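Just below is one structure, and these are the notes that go with it.
A short reminder: the numbers here are calculations on the coordinates, not readings from a lab. Source: prediction; values computed, not measured. For neighbour counting, all protein chains shown are included, and Cβ atoms are generated from backbone atoms with ideal geometry for every residue, glycine included.
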Amino acid sequence: MPNIKSAKKDLRKSRAAAIRNRAQRSALRTAVKKAKAGGTAAETLTAVSLLDRAARKGLIHPNAAGRQKSKLARKAAAA
């Protein structure tokens, strides 16, 4: 446990960020799974939007977001 005041604050901030990141990553994965499982255009659009936001915020790598968006687009075009 940190003794310095700023280190204590850093610990609080990192814990809060970890909880927030875990929730956002879970929502992202759920949306992508729904879109992949033959979801509607609205579900695909939601997943793409969440992928864009996650990449912009640094939650996932931008190339990973692009790759997943490409897979969703190919699946939508084939359907």
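Yes or no, residue by residue, for (1) touching a Leu at 6+ places or on another chain (Cβ under 7 Å); (2) of a type in the set (Val, Ile, Thr); (3) surrounded by fewer than 12 Cβ atoms within 10 Å (Cβ to Cβ); (4) in contact (Cβ under 8 Å) with a residue 60 or more places away in the chain:
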{"position": "Lys13", "(1), (2), (3), (4)": "no, no, yes, no"}
{"position": "Thr30", "(1), (2), (3), (4)": "no, yes, no, no"}
{"position": "Gly38", "(1), (2), (3), (4)": "no, no, yes, no"}
{"position": "Ala41", "(1), (2), (3), (4)": "no, no, yes, no"}
{"position": "Ala47", "(1), (2), (3), (4)": "yes, no, no, no"}
{"position": "Asp52", "(1), (2), (3), (4)": "no, no, no, no"}
{"position": "Lys57", "(1), (2), (3), (4)": "no, no, yes, no"}
{"position": "His61", "(1), (2), (3), (4)": "no, no, yes, no"}
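Okay, residues lined up against (1) small (Gly, Ala, Ser); (2) part of a loop (DSSP other than H, G, I, E, B):
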site	(1), (2)
Asn3	no, yes
Lys9	no, no
Arg20	no, no
Ala31	yes, no
Ala54	yes, no
Asn63	no, no
Arg67	no, no
Ser70	yes, no
